[in-house]
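A short write-up of the structure that comes next.
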Amino acid sequence: MMRWGIVFAVGLAVALGAWIAVQYNWVPPFVAVWDARALQEFRLAAGAIAIISGAGISSQTPWQRLPRWLRFVPVNVGVFVPLLMFLGTADLSPAVPFADATGILLVYAGFGVGMAAVIGVSSGFGKPSPEEDTAVQRSPKKVTRYLFLALVATCVIGAVVLLTPRARDDIKLEPFETLKHADTQLTVGVSKGAWQDDAFGVIRIVDQGKTNSMVLEASEWNSLVVACNKAKPTPSAAWTLAAVVADTTPSDPARMELWAGPSVRLIIKSPHGPTVRFQLAPNEFEQFGLSLTRVQQKVHS
C-alpha cells in the first residue's frame, strides 16, 4: 500500500506546484495554445488531480482501525486541505513575496484541517450498522483502485484537451470601435487579462467566418500606434509592407502586418489560427486611429 501513497503524494505535489507556477506566469511548454480557455482547463485539471491525490493519500492510512469518531477525519483532510490550498493560490501573483505566499498557503491549509476535523468528527457520531462496519473493513483497496483510475483518467483527459491544436479563444472583449464591410469585421477594444489584473488591448478581425486576434500589453500597444502612423494611405496604387507588430502573450503568438497603399490593409497570422485580413477604407483610417488612442489610454490607466 505504501507505493500507492507515494504515487498520490507525487500527484499532489506536482498539481499544487504547477498551479502555483502558473499563478506566477509560468507557461506550460506542452500546451498547444495557452490562452484564457487553456488556463481555466489547466487549473481545473490540476485542482482535480490534487483533490483525488489528497483523498488517495488518506485512503492509505489505517483509518478503519481508528475509533469511529476519528475514522472520517483523514479522508476529509485529504480533500479539504488541497482544495483550500488551491483557493489560497488565487491570491498569489508575481507581486507577492515568497514568504508571504508561503504564509497564505499555510493559513488556507490550517482552515482545511479545521474543516476536515469538524466534518470528520461530526460524521462519526452515531451507531454504525453491521453493513457499514463490514464495508469499512474491506474498502481501502477498492478506494485506492478507484482513486488511482480517476487520477489516470483526469491526466489523460486533461492531456488530450490541452495538447489538441486549435485556434486561440480570446477572453471577453469590451469593444471600443467596430468597422464592418460585406464579409469582414474589425473590432478594437480592451480585454481583462486571464492570469493578471492588467487590461490588454485587442484587435480582432473576422474574415469570411474566420477569426483571429492580436492581444497586446500597454507597451506593445504603443508600438502598434507608432506602426499605424507609418502605414498611412498613399497616392500609390502599389501595396507596401509598412510595419509588423507581434504580441507576446503566452498563447498562440500572433503577428500583424500593416500594408500601406490606396488605404491600409491589416493581416493577422498565427501558428494555430487562421490568416485574416481587413482593408480600411480611406475614410476609416482616422476613425481607426482614434480608437487606438482610446484603447491606449485605457490600458495605461
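General remarks:
- Taking every Cα-Cα distance in the range 241-301 and sorting them into 5 Å bins starting at zero, the pair-distance distribution P(r) comes out as 4, 16, 19, 24, 21, 13, 3, 0 percent.
- Residue pairs exceeding 21 angstrom between C-alpha atoms, taken from Lys269/Lys298; Lys172/Lys298; Lys172/Lys210; Lys210/Lys232: Lys269/Lys298; Lys210/Lys232.
- FRET efficiency estimate (nearest 0.05) - Cβ-Cβ, Val143 to Ala99, R0 51 angstrom: 0.85
- Per-residue HN-Hα couplings for the range 150-165 [Karplus 6.51, -1.76, 1.60; θ = phi - 60°; Hz; x = Gly/Pro]: 5, 5, 5, 4, 4, 5, 5, 4, x, 5, 4, 5, 7, 8, 6, x
- Estimated D of the range 174-300 in µm² per second, where Rh is the Kirkwood radius over Cα pairs and Stokes-Einstein applies at 4 °C, 1.567 mPa s: 89
- Linear extension gain, Gln185 paired with Lys269, 0.36 nm per residue minus alpha-carbon span: 28.7 nm
- Across the range 280-286, coupling constants 3J(HN,Hα) worked out from phi with the 6.51/-1.76/1.60 Karplus curve, θ = phi - 60°, read 6, 6, x, 7, 9, 5, 5 Hz, and Gly and Pro carry x.
- Placing a label point 7 Å from the Cα of Glu177 along the Cα-to-Cβ direction, the residues of the range 274-291 whose backbone N falls under 19 Å from that point are 277-291.
- Net +/- balance of residues flanking Val206 in space, Cβ distance below 11 Å, scoring K and R +1, D and E -1: +2
- Separation in nanometres of the label points that stand 7 Å from Cα toward Cβ, at Gln40 and Phe285: 4.0
- Descending by average beta-carbon neighbour count within 10 Å, the peptides 259-269, 279-289 line up as 259-269, 279-289, the highest first.
Computed from the coordinates by the stated procedures, all read-outs in this text should not be read as laboratory data. What you see is a predicted model; the values in this text were computed from it and never measured. For neighbour counting, all protein chains shown are included, and Cβ atoms are generated from backbone atoms with ideal geometry for every residue, glycine included.
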